[in-house]
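Notes follow once the structure below has been shown.
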Amino acid sequence: MNKAHLRASVAIIATAFGLLSSQPLFAQAQQVPVPVEQEPRHWVVFENKYVRIYDALIPPGDITLFHTHSFDNVATTVSGGRLRNEIPGQSPTEQGPSTGNVSFAYGTKISYTHRIENIGSTPLRFVVAELHAPSASPGTPTALEAAPGHRVVLENDRVKVYRVSIEPKQATGIRARTLPWLRISISQGMIAIHEPGKPSKTVQTRPGDYRWHESGITDSIENVGSTTYEATEIEWKWPKPG
């Protein structure tokens with residue numbers, strides 16, 4: 001073996017050894033949690049003083065980094081499937097959130113850390129709304145339980161969440177709100193939004209679309225498409241202290 005070949009062989013061996021020796025360090029690095037806003041599968045798509053919205057997409061076979069949530073949050077499952085949820089120091093649990101599922105987690109007083117692995121065959125997608133500040137409005141949550149297509153799916157001291165499902169050519173009727181609220185579309189479709197005294201707006205919805213309303217609003221939603229319109233509507237029930 002000439003000197004050139006010897007040097008090349010030594011370089012290859014050194015590179016291979018370096019890769020092998022670095023793998024334990026890489027594995028250790030994966031155990032170090034990052035803030036959720038630094039987790040690469042969570043994209044911040046909107047933020048103001050009240051809310052920060054993440055669009056999280058986890059392809060089949062992929063896994064997030066361990067990441068820490070430090071704010072109360074509401075998660076809407078835009079694309080469901082199978083996942084493995086792992087909390088440091090605990091045995092992983094398997095879950096199967098369906099499309100349209102809504103969950104709430106407290107994170108402000110006691111933060112929590114976890115990572116999610118997609119163990120199914122479909123992409124997992126979540127739109128997560130963090131609560132960053134209480135409502136400045138003295139208003140109260142709406143009572144839309146009897147309104148067409150409305151169902152309360154979650155309510156606590158922070159939020160009130162409706163699942164809205166409107167069939168083609170049907171409408172919600174007039175809804176008067178006094179608190180900030182967020183709409184997250186689950187389905188693809190076409191809706192018309194009617195507000196008293198304003199021209200109607202026709203909106204094409206796609207899964208994961210969102211619309212933030214900083215103050216109360218009076219409106220009606222009409223499904224002008226050919227498929228069922230599905231959405232999550234989250235009201236900031238959390239009152240400002242004092």
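Within the range 133-159, the set of residues being closer than 15 Å to residue 181 by Cβ, touching a Lys or Arg at 6+ places or on another chain (Cβ under 7 Å) and not aliphatic (A, V, I, L, M) comprises 134, 135, 141, 142, 158. From the list 197, 149, 173, the lone residue that is more than 18 Å from the chain's Cα centre (by Cα), on the phi > 0 side of the Ramachandran plot and crowded, with 20+ Cβ neighbours inside 10 Å is 149. With respect to residue 140, is the statement that it is open to solvent by less than 60 Å² (accessible area, probe 1.4 Å), of a type in the set (Ser, Thr, Tyr), over 19 Å from residue 55 (Cβ atoms) and out of contact with any His (no Cβ under 9 Å at 6 or more places or on another chain) true? The answer is no for residue 140. When restricted to residues that are without any contact (Cβ under 8 Å) to a residue 60 or more places away in the chain, closer than 21 Å to residue 53 by Cβ and either open to solvent by less than 60 Å² (accessible area, probe 1.4 Å) or of a type in the set (D, E, K, R) (or both), the range 202-233 contains 9. Among the candidates 75, 105, 129, the residue that is free of Cβ contacts under 8 Å to residues at least 40 places away in the same chain and within 17 Å of residue 182 (Cβ to Cβ) is uniquely 105.
Taking the stated definitions as given, is residue 186 open to solvent by less than 50 Å² (accessible area, probe 1.4 Å), touching a Pro at 6+ places or on another chain (Cβ under 7 Å), in contact (Cβ under 8 Å) with a residue 24 or more places away in the chain and among the β-branched types (Val, Ile, Thr)? Yes.
Scanning for something surrounded by 14 or more Cβ atoms within 10 Å (Cβ to Cβ), of a type in the set (Ser, Thr, Tyr) and within 17 Å of the chain's Cα centre (by Cα), does the range 113-125 turn up at least one residue? Looking for residues that are surrounded by 14 or more Cβ atoms within 10 Å (Cβ to Cβ), of a type in the set (Ser, Thr, Tyr) and within 17 Å of the chain's Cα centre (by Cα), one finds at least one in the range 113-125, hence yes.
Please tell me if residue 178 is surrounded by 14 or more Cβ atoms within 10 Å (Cβ to Cβ), out of contact with any strand residue (DSSP E or B) (no Cβ under 7 Å at 6 or more places or on another chain), within 20 Å of residue 38 (Cβ to Cβ) and modelled with pLDDT under 95.
No, not satisfied.
Among strands (runs of 3 or more DSSP E) entirely within the range 79-190, having at least 1 residues that are touching a Gly at 6+ places or on another chain (Cβ under 8 Å) singles out 83-86, 112-118, 124-131, 159-166, 181-185. I want to confirm something. Restricting to the range 151-166 and keeping residues that are of a type outside the set (A, V, I, L, M, F, W, C) and touching a residue at least 60 places away in the same chain (Cβ under 8 Å), which single residue is nearest to residue 101 (Cα to Cα)? Checked the range 151-166; the qualifying residue nearest to residue 101 (Cα to Cα) is 163. Tell me, please, whether a residue that is of a type outside the set (Gly, Ala, Ser), without any contact (Cβ under 8 Å) to a residue 60 or more places away in the chain and open to solvent by 70 Å² or more (accessible area, probe 1.4 Å) can be found in the range 234-242. Checked the range 234-242: no residue is of a type outside the set (Gly, Ala, Ser), without any contact (Cβ under 8 Å) to a residue 60 or more places away in the chain and open to solvent by 70 Å² or more (accessible area, probe 1.4 Å). Right, residue 70: modelled with pLDDT of 95 or more, exposed (fewer than 15 other Cβ atoms within 10 Å of the Cβ) and under 24 Å from residue 158 (Cβ atoms) or not? Judged against the criteria, residue 70 is not a match.
The values are calculated or read from the model by the stated rules, or taken from the named source; none is laboratory data. Quick caveat, the model's predicted, so the values are computed rather than measured. Cβ atoms come from the backbone with ideal geometry, glycine included; neighbour counts cover every protein chain shown. Surface accessibility is based on the protein's heavy atoms, side chains included, excluding ligands, DNA and RNA. Shrake-Rupley method; radii C 1.70, N 1.55, O 1.52, S 1.80 Å.
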